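First, the structure itself, so that you have it in front of you.
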Amino acid sequence: MSLLRYESQQREPLVTGDKNYHQVTEDICRPIEAKPSKLWYIGFYISVALLCLGIYSIYRDVTYGIGQWNLNRTVGWGWDITNFVWWVGIGHAGTLISAILLLFRQGWRTGVNRAAEAMTIFAVMCAGQFPIWHMGRVWLCFFIFPYPNTRGPVWVNFNSPLLWDVFAISTYFTVSLLFWYTGLLPDLAMVRDRAKTKLRKMLYGIASFGWSGSTKHWQRHESLSLVLAGLATPLVLSVHTIVSFDFATSVVPGWHTTIFPPYFVAGAIFSGFAMVQTLLIVVRKVFAMEDYITMGHIEAMNKVIVLTGSIVGCAYLTELFMAFYSQNKYEGYAFFYSRANLFSPYGWAYYGMMSCNVLSPQIFWFRKMRRNITVTFFMSIIVNVGMWFERFVIIVTSVYRDYLPSSWSTYYSPTPWEIGFYAGTFGLFFTCFFLFAKYFPVIATAEIKHVLKQTGDGYKDKMGNIEAEGVEEFAHEYAH
């Protein structure tokens, strides 16, 4: 008998429990069809309250101008651009999981890709607001769009990295949205077919675009997924590279460095995977999805976190070395006085960044720690705190002391309206995520069913028994 299999018995199953197709459908549709729990309502109302705070903070900004923020002579970018870069970074894991891991046929992505893709879209929605509202006179935003107009030859400045951001973020959002939504079509049709009320059947029917599950639909779905993956793969590298050009193309000490593009990309993947861990550990527990988001998924993501954290740590050390080796006194001042000096005004942010981003992720070299839920959840939050510190350090410590001591500003700290705006983006993010988790399947049902027969727990047990019987039979025949 043939003992050939597609999946190694040594690999951990991607779906635990002896599941069949019907059980997979029931488990994933249960949160959509059941009434929301009290915890869901509490979390949703807190998110909406934060969103309302953010809306009021934006109202103050538009009505009274960005003088409501604590920007001054030298710090022209404060919390707004810090939070912009931070949110763009959060959105990187979803595209990487969707595109690159799909092209490399990594089966472990199936349990986490849907939530990561949704997280990407919501994070980019939050990020895109900061440059818009930072304009102050937001009603003049049409000036940034390159179109022929009646004002004469007034075109946007294509040499400006901020204009590159407009194109990068809009492209990133469009491709990510298409990837997420096309993957949802089979599952929306499944929910449509199970709907008990006419309204739900109609709404999910509209959303599923008439998906019937025919062979032709699946062929087109597979082709479109591969095309979008091919388009999205360069975006993983290009979007945060373009964001890094906001700084790297300037002549400001601490910004003018060629290491920024790879360093920013690694940091974005680092923070994005940490946010995926934060969300999925909660989703896994609240919706009882332990059989689909397994310890194997969590461990795989922790391996990515320790890899990218080490790359980021190497970049930090490279920056310090270049500041020393170049013997440029302005670079040296930016790094060794403004940042690495514990007693400088912002030394606390630099050492917080180093502790959270470089030292703490090294705990994931130990397998026991990678597979510990409590440690993983705590570390995922620590990493994103550290990545916020990183963006704050890069931006504020590079500009708060100018070349002329006479133009040195006072200590920069945010106003309540800057903090309220940032809190409002969290409200928007979690409001969207709560609604997504309630009305859409948080796990790709079709993809789980696809890997079930190769990597499911029950299948592996069955194949293990067949293998044992086959080996015994072969040994018996060989002996005779």
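The values are calculated or read from the model by the stated rules, or taken from the named source; none is laboratory data. Note that this is a predicted model, so its numbers are computed, not measured. With ideal geometry, Cβ positions are generated from the backbone for all residues, glycine too; neighbour counts draw on all protein chains shown. For the accessible areas, the whole protein counts, side chains as well, though only heavy atoms, and no ligand, DNA or RNA atoms are used. Shrake-Rupley method; radii C 1.70, N 1.55, O 1.52, S 1.80 Å.
Residue by residue through the range 445-452, which ³J(HN,Hα) values in whole Hz follow from phi under the Karplus form 6.51 cos²θ - 1.76 cosθ + 1.60 (θ = phi - 60°), with glycine and proline marked x?
The phi angles translate into 4, 4, 6, 5, 5, 5, 8, 4 Hz.
With the contact rule set at Cα under 8 Å and sequence spacing of 6 or more, what percent relative contact order holds for the chain?
Values: 624 pairs, mean separation 160.7, N = 480.
That works out to 33 percent.
Tell me the relative contact order for the range 289-389 as a rounded percent, counting alpha carbon contacts under 8 Å between residues six or more apart.
Values: 72 pairs, mean separation 32.6, N = 101.
Normalised by residue count, the contact order of the range 289-389 is 32 percent.
List, in order, the whole-Hz ³J(HN,Hα) value for each residue of the range 274-289 obtained from phi through the Karplus relation with A = 6.51, B = -1.76, C = 1.60 and θ = phi - 60°; use x for Gly and Pro.
The phi angles translate into 5, 5, 4, 4, 4, 6, 6, 5, 5, 4, 4, 7, 5, 9, 6, 9 Hz.
In addition: So what is the calculated 222 nm ellipticity per residue for the chain, using -39500 (n - 2.57) for each DSSP H run with n of 4 or more, over all residues, to the nearest 500 deg cm²/dmol?
Computed ellipticity for the chain at 222 nm equals -22500 deg cm²/dmol.
Sticking with this one: With every protein chain left in place and a probe of 1.4 Å, what is the accessible surface of Arg60, to the nearest 10 Å²?
50 Å²
Would you grab the residues whose amide H sits under 5 Å from the one on Asp402? Only those 5+ places off in sequence or on another chain, please, with H modelled 1.01 Å from N.
Hits under the 5 Å cutoff: Trp408, Ser409.
Something else about it: With a 1.4 Å probe and all protein chains kept in place, how much accessible area does Tyr59 have, in Å² rounded to the nearest 10?
120 Å²
Please give the solvent-accessible surface of Ser238 in Å², to the nearest 10, using a probe radius of 1.4 Å with every protein chain present.
Only protein atoms counted, so the area is about 40 Å².
Per residue of the range 362-371, what does 6.51 cos²θ - 1.76 cosθ + 1.60 with θ = phi - 60° give for ³J(HN,Hα)? Whole Hz please, x for Gly and Pro, Karplus curve as stated.
Once rounded to whole Hz, the list reads 5, 5, 7, 5, 9, 4, 4, 6, 5, 9.
Can you pull out the chymotrypsin sites (Phe, Trp or Tyr not before Pro) in the range 358-403 that DSSP calls coil and that have at most 14 other Cβ atoms within 10 Å? Numbers along the way, then the final one.
Values: sites: Phe364, Trp365, Phe366, Phe377, Phe378, Trp388, Phe389, Phe392, Tyr400, Tyr403; in loops: Phe366, Tyr400, Tyr403.
Here the chymotrypsin sites (Phe, Trp or Tyr not before Pro) that fit, given the DSSP loop and packing criteria, are Phe366, Tyr403.
While we're here: Would you mind checking Lys196/Lys285; Lys201/Lys285; Lys35/Lys196; Lys19/Lys285; Lys35/Lys303; Lys216/Lys438 for any pair whose Cα atoms are more than 25 angstrom apart?
Listed pairs above 25 Å: Lys196/Lys285; Lys201/Lys285; Lys35/Lys303; Lys216/Lys438.
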